[in-house]
Amino acid sequence: MKNNFWEKLNRPIYALAPMAGITDSAFRQICKKFGANVVYSEMASSDALVFNPDKTLKMLKFNKVEQPYIVQLFGNNPKHFADATKLIQAKIKPNGIDINFGCPVKKIVKQGAGVALMKNLKLSQEIIKSVINNTNLPVSIKCRASVGKINVLKFLDNLNGLDIKAVMIHGRSFKQGFTGLIDFKIIKKARNYFGGIILANGGINSYNDAIETLIKTKADGLGIARGALGSPWIFKALRTGQSIKRSHRAIFKIALQHSELAYKLKGAVGIVEMRKHLSWYIRGLPGARKLREQLINVKNLKDIREILKGVNL
Ligand SMILES: Cc1cc2nc3c(=O)[nH]c(=O)nc-3n(C[C@H](O)[C@H](O)[C@H](O)COP(=O)(O)O)c2cc1C
């Protein structure tokens, strides 16, 4: 019997969607603090977990405050998915495992992984079975509204009978990439078709976006990706109906806490990786351009503290 944490989450579910290079442990912890119900890892290569696992295992480590925490895998080899699943369950011990059927990045699609799998119904089935059969953790998937002639309804139809607990649907087609309108109708149809949890994803950057998406799709919850960049408090705002806007002092306080956590977990590399987050935190503030020029060169916590302290708005 799989321990299905999904059923126990408060509704609507607000999930931090997976983002490669972004949803690391520090960022997940900050989002969790602001009320994300569930957080996803960066996508992890099932091939790498088979052949050279150390770096990927290190990337996937988490702190228990992040729970429930989901590890997302990508790849296109069912055997590698099976072995990677066993390894993740034994070494990382997350609360769930997710499979990526939505990534449109050329390098991934060329390998027949990510969104390319949505077109390969037989292989998609095999991959999901090999994950489900090798874990007692709940298994979820993330896919797109459509790729070519295959839409999410046809895709889910092919998976009928498999024990999939949740589906996050990015409501854009492969062709749309990361911009353009969300196909609410198809997510609503998927909601009526699929018995498990449905999370609608795409373009949720405010309370109004969230309400519109929930009403139009009837989803159990939402996946938030870019809407959390530089505003991890979006999760609290969605829950309370508050505006996303914050004073610059409040923003700097969180940016600093995030930086301290990044440094604690990754050392100097964490600071280099923080540069992009810092640029997102200051987006829209008066003088942001000049401030960004300083923040993109920070080398340590002291640099960050001094730059933020010196800001007079
Ligand atoms: C920088 C970046 C990295 C992403 N990495 C992943 C990933 O590792 N796995 C995945 O399933 N989706 C990934 N996505 C897609 C997001 O999870 C999400 O589906 C997409 O950004 C649409 O949601 P949004 O409009 O809220 O940003 C990524 C998106 C961005 C912008």
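Okay, here's what the table says:
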| quantity | calculated |
| --- | --- |
| Those residues of the stretch 115-131 which are in contact with a Pro (Cβ under 6 Å, 6 or more places away or on another chain) and within 25 Å of GLY177 (Cβ to Cβ), in sequence order | VAL115, ILE127 |
| Evaluation of SER146 against (1) within 21 Å of ILE197 (Cβ to Cβ); (2) surrounded by fewer than 19 Cβ atoms within 10 Å (Cβ to Cβ) (one fails), failing number | (2) |
| Any hit, the stretch 95-105, residues being in contact with a helix residue (DSSP H, G or I) (Cβ under 8 Å, 6 or more places away or on another chain), in a strand (DSSP E or B) and closer than 25 Å to GLN242 by Cβ | no |
| Any chance ALA20 is in a loop (DSSP other than H, G, I, E, B), in the same structural domain as GLY112 (by TED's automatic domain parsing) and touching a Phe, Trp or Tyr at 6+ places or on another chain (Cβ under 6 Å) | no |
| Qualifying residues in the stretch 200-236 (those that are surrounded by 18 or more Cβ atoms within 10 Å (Cβ to Cβ) and among the polar types (S, T, N, Q)) - the one farthest from the ligand (Cβ to nearest atom) | THR217 |
| Selected residue [away from the ligand (no atom under 13 Å from the Cβ) and surrounded by 22 or more Cβ atoms within 10 Å (Cβ to Cβ)] from ALA17, ALA26, ALA48 | ALA26 |
| Conditions (1) closer than 13 Å to MET43 by Cα; (2) crowded, with 22+ Cβ neighbours inside 10 Å; number of the one not met by VAL105 | (2) |
| Test: residue in the stretch 53-70 that is of a type outside the set (A, V, I, L, M, F, W, C), at pLDDT 95 or above, within 15 Å of the ligand (Cβ to nearest atom) and part of a helix (DSSP H, G or I) | yes |
| From the options ILE197, ILE187, residue that is within 14 Å of the ligand (Cβ to nearest atom) and crowded, with 19+ Cβ neighbours inside 10 Å | ILE187 |
| Selected residue [more than 10 Å from the ligand (Cβ to nearest atom) and either modelled with pLDDT under 95 or over 20 Å from LYS236 (Cα atoms) (or both)] from LYS79, LYS32 | LYS79 |
| Helices (runs of 4 or more DSSP H) wholly inside the stretch 196-313 containing at least 3 residues that are in contact with a strand residue (DSSP E or B) (Cβ under 7 Å, 6 or more places away or on another chain) | 207-217, 234-240 |
| Total residues in the stretch 158-184, condition away from the ligand (no atom under 11 Å from the Cβ) and in a strand (DSSP E or B) | 5 |
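The values are calculated or read from the model by the stated rules, or taken from the named source; none is laboratory data. Please read all numbers here as calculations on a predicted model, not as lab measurements. Cβ: placed from backbone, ideal geometry, glycine included. Neighbour counts: every protein chain shown.
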